[in-house]
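Below: the structure, in structure tokens.
The values are calculated or read from the model by the stated rules, or taken from the named source; none is laboratory data. Everything quoted here is computed from the prediction, not taken from an experiment. All Cβ positions, glycine included, derive from the backbone under ideal geometry; neighbour counts span all protein chains shown.
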Amino acid sequence: MKEKYKYTEKQQQPTISKSNTHASSKKEAANMRSSKNKKNYGTDDDKNYEVGIVEIASNLSDLSGSTGDVDSNPDVKQMSTRNADAKEFEILIQAKHAEACKAMGNGLYSSSLEIFESILSDILARFGGKHKRVGAALHNVAIANLRSGNLDDAMDAIEEAIKIRSRALGRKHSKVTDSLVEYGIILLSMEEYDDALKVFEGALSMRKNEKLVSRGDANERKLRIAKIWNNIGCVHFEKGDYTKAREAFDEAINIFCKVYGLWTKFFYKLNVTDTGYLAMASTLCNKAYVEMQWEHWSHAIKYLHQSLEIQKELLGSENKLVKSSLDNLGYAYVMSDDYEKALKIYGEFWDEQQDSTRATAEERVETLKKIVYCELNVLKHEKALEHLGIMEDLQQDQQNSNDITEELLEETQRLMGEVNYQIFKHPSLADTANRTFGCPICPVSDDEDIHREIWRPVKPDVTSKMSGHRIAHA
């Protein structure tokens, strides 16, 4: 097997292997570790933070003046630059770059990778292997490979990008630091925590010592430093060192606050082209995850609310990252015994799923389980029975298609019987108690026969959210 993105200094025409693996004595250990199909963290692991990934792809696409959809030019990677003059070459490269960014922003990582590799071939053919633009093209190819899950190829490309950028621009150049940050993200995705930490710490030192070209660059540098602190926190979080993780996240949050000012400023007229807000939302989520590990539920709720204010404004309520944050918020409310607020969160999920054609029966059943659990805890037996009936219908449909076992359906039907018994046993027990004691919700504890704990919401899977993926215009 040959290395995919390695070039000799005299090489003019690249030969890019279509293999997704590479080997050398130097990289043998890396091949073994990445072959385990390890985590692809990216920027916010669920692959739905695409606005941050491509530095707002729609703005980058303005370089070419392109406003069409991703499929508006499906053969863009085939556009020839061989006989183009300098101006035509730049226009074609910009058009390809815009389409690659759009594809990545829409989660079409394979298509994005093909176009970025096409750009790399064009740049190599025109400028040779030493040029700084080759380094930028390789940097982008590394990101596309990482998002596609090709960790070996991502590592191969980013190492070559660092080498070329260092030679062409100097080891201390900010573009080299950009590639080092991406290198750290790839290492973390491979679960090489110690190596990732060393790379991030080195990149942090370089960022702090960068020379400012203008006064306006000061805040931009601060934001980039904050993002690296967030990534350092991610390493510690994944290692299970939550104390160090919190310290790093606090460093990042403090910097964000210095740049953006008071919290109230964040929630009004956010600049959707400023990816610093998205990075800040990621860091706030990460801080909440640390608090959840320590079962500091009130603190976790505070940080999740702050993060969601930004996420909803910039990403929309249907974004999967927003849904993930809401799921964690609902769980934190459950663990705080604040079932009414948890019910409101899960109700949002259910309302969205009812209107969605993409929500599966399994997803709807899981949401209804959480709703029923909360309703039973606040003695809303009639509503719980109504939702159990909907669950039974969904599960019967699943059973007909062999998607669930008979045991799960029987579990729902058993709970329906228990809830129904309580309603018939005490049809107006809660109403009578409320009228008697004059409280809006007076708990009635005579439902010990309802085995609701089996549906207690489980802790959502969380993966720390890194800050990176600075697409470079080649």
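Computed values, structure above
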item	result
Test: GLY65 is surrounded by fewer than 15 Cβ atoms within 10 Å (Cβ to Cβ), in the same structural domain as ALA157 (by TED's automatic domain parsing) and modelled with pLDDT under 85	yes
Any pair with Cβ under 7 angstrom, 6 or more apart, that starts in the range 332-359 at a residue that is modelled with pLDDT of 95 or more and ends at one that is among the basic types (Lys, Arg)	TYR333/LYS341; TYR346/LYS370
Search result, residues across the range 288-327 that are in a loop (DSSP other than H, G, I, E, B) and surrounded by fewer than 16 Cβ atoms within 10 Å (Cβ to Cβ)	TRP294, GLU295, HIS296, GLY316, SER317, GLU318
Residues located in the range 391-402, provided they are free of Cβ contacts under 8 Å to residues at least 24 places away in the same chain and either in a helix (DSSP H, G or I) or not polar (S, T, N, Q) (or both)	ASP393, GLN396, GLN399, ASN400
Conditions (1) assigned to a loop (DSSP other than H, G, I, E, B); (2) within 23 Å of LEU120 (Cα to Cα); (3) within 22 Å of the chain's Cα centre (by Cα): number failed by ALA142	(1)
Subset of the range 282-300 (residues that are among the charged types (D, E, K, R) and under 19 Å from PHE256 (Cα atoms))	LYS287
Residue, farthest from the chain's Cα centre (by Cα), within the range 93-110, restricted to residues that are in a loop (DSSP other than H, G, I, E, B) and not aliphatic (A, V, I, L, M)	ASN106
Among the candidates ASP446, ASP431, residue that is over 42 Å from the mean Cα position of the chain (by Cα), farther than 30 Å from GLY233 by Cα, at pLDDT below 75 and part of a loop (DSSP other than H, G, I, E, B)	ASP446
Matching residues, the range 189-210, being over 15 Å from LYS227 (Cα atoms), assigned to a helix (DSSP H, G or I) and not aromatic (Phe, Trp, Tyr)	SER189, ASP194, ASP195, LYS198
Single unsatisfied condition, LEU388 versus (1) crowded, with 22+ Cβ neighbours inside 10 Å; (2) in contact (Cβ under 8 Å) with a residue 24 or more places away in the chain; (3) under 26 Å from LEU278 (Cβ atoms)	(3)
